[in-house]
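Take a look at the structure set out below.
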Amino acid sequence: MRINRLAAYAAVAVLALGLSACGGDDGDDGGSGDVNTETTFAAGSTMQKLKDAKKIKVGTKFDQPGFGLKGLDGKPAGFDVEIAKIIANELGLTNDQVEFSEAPSAVREQVIEQGTVDIVVATYTINDTRKQRISFAGPYYEAGQTIMVRNNESDITGPDSFKTTTKKVCSVTNSTPANNIKKYLQNEGQQLVLFDTYQKCVDALTGNQVDAVTTDNVILLGFISKNEGKFKLAGDTFTKEPYGVGLKKDDTDFRNFINDTLEKANKDGRYKKAWDDTAGKIPNAKLPAMPAIQRY
């Protein structure tokens, strides 16, 4: 039996009317969501422990329009946030029983290992290096890395441009995009600028301290939408970035549960609704088919 509260959906509709075209602050900030009240779990499983605790701790980004952006109310909103709520609802938890905390790229594995959070849903690219420390469910979305520049920039047209220029590009410490861009640079020490959040990169681009920002396309589209007339994309995507849900290493039952939940949400429409209410409002941001789950 599912609890579908009309008041919760009405609140989402009212909120959506007051948001800008990008919709980065969309999403239900409380209430029940679509809570699965009939799911049962094995005693001692992570799922049962979370259900008994009546809380799940989720690490996400606070600086990425459309995926995870902290609003004026102090709560994050975006596609990643909604994916986390879907997982919580399948555990039998309501949206207001999800405890969000900021998980910048540099500390995502650390907060999982230390138990500071139960899962990380934070534009988290699945790769083999990270799998040495944590496990992944998913992927639930595939992005592609690209480059954002100021609107009057003409010399940077893609990653290869950095092979013939000394211009600076900004990314985030311990992120996949930061590692990917290195092979295109003449002088990594002089050209690559790293911060702990992408908002600081955007601020540096605005202030002419760097010439470009590189990360995944949908994240950059969010910043472009939030800063109308200031920035543009330079070139096409040049990588594939499958986003996964990070969790403690070798918690196979919990990983399988999250994978099952993602597939179920894709079939019943909750996945698409989560996108449409958040990142889907960003101009030119398109939702491809959900990638095939990588079960291992």
Q: Answer yes or no: is there a residue in the stretch 180-187 that is touching a Leu at 6+ places or on another chain (Cβ under 8 Å), among the aromatic types (Phe, Trp, Tyr) and surrounded by 18 or more Cβ atoms within 10 Å (Cβ to Cβ).
A: no
Q. So, in the stretch 112-129, of the ones that are in contact with a Lys or Arg (Cβ under 9 Å, 6 or more places away or on another chain) and surrounded by fewer than 20 Cβ atoms within 10 Å (Cβ to Cβ), which residue ends up nearest to LYS70 (Cα to Cα)?
A. THR116
Q: Could you grab me the full set of residues in the stretch 239-256 that are surrounded by fewer than 21 Cβ atoms within 10 Å (Cβ to Cβ) and more than 18 Å from PRO291 (Cβ to Cβ)?
A: LYS248, LYS249, ASP250, ASP251, THR252, ASP253
Q. Based on what the data block shows, is SER105 surrounded by fewer than 24 Cβ atoms within 10 Å (Cβ to Cβ) and either not assigned by TED's automatic domain parsing to the domain that holds VAL218 or not small (Gly, Ala, Ser) (or both)?
A. no
Q.
Is it the case, given these coordinates, that ALA204 is of a type outside the set (Asp, Glu), surrounded by 20 or more Cβ atoms within 10 Å (Cβ to Cβ), farther than 28 Å from GLY138 by Cα and not assigned by TED's automatic domain parsing to the domain that holds LYS85?
A. no
Q) Are there any pairs with C-beta distances below 7 angstrom linking a residue in the stretch 69-83 that is under 18 Å from THR94 (Cβ atoms) and surrounded by 24 or more Cβ atoms within 10 Å (Cβ to Cβ) to a residue that is among the β-branched types (Val, Ile, Thr) and at pLDDT 95 or above, with the two at least 6 apart or on different chains, and if so which? A) PRO76/THR60; ALA77/THR278; VAL81/THR60; GLU82/THR278; ILE83/VAL121
Q. How many residues are in contact with a Gly (Cβ under 6 Å, 6 or more places away or on another chain) and surrounded by fewer than 16 Cβ atoms within 10 Å (Cβ to Cβ) if we restrict to the stretch 208-236?
A. 1
Q | Subset of the stretch 179-199 that is in contact (Cβ under 8 Å) with a residue 24 or more places away in the chain and in a helix (DSSP H, G or I) - its residue that is farthest from GLY280 (Cα to Cα) | A | GLN190
Q. Residues SER171, SER161, SER154: which one is more than 30 Å from PHE41 (Cβ to Cβ), assigned to a helix (DSSP H, G or I) and among the polar types (S, T, N, Q)?
A. SER161
Q.
Can you list the helices (runs of 4 or more DSSP H) lying wholly within the stretch 209-296 that have 2 or more residues being under 14 Å from the mean Cα position of the chain (by Cα) and closer than 19 Å to ASN180 by Cα?
A. 217-226
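The values are calculated or read from the model by the stated rules, or taken from the named source; none is laboratory data. Remember, it's a predicted structure, so these values are computed and weren't measured experimentally. Here the Cβ is made from the backbone with ideal geometry for all residues, glycine too, and neighbour counts use every protein chain on show.
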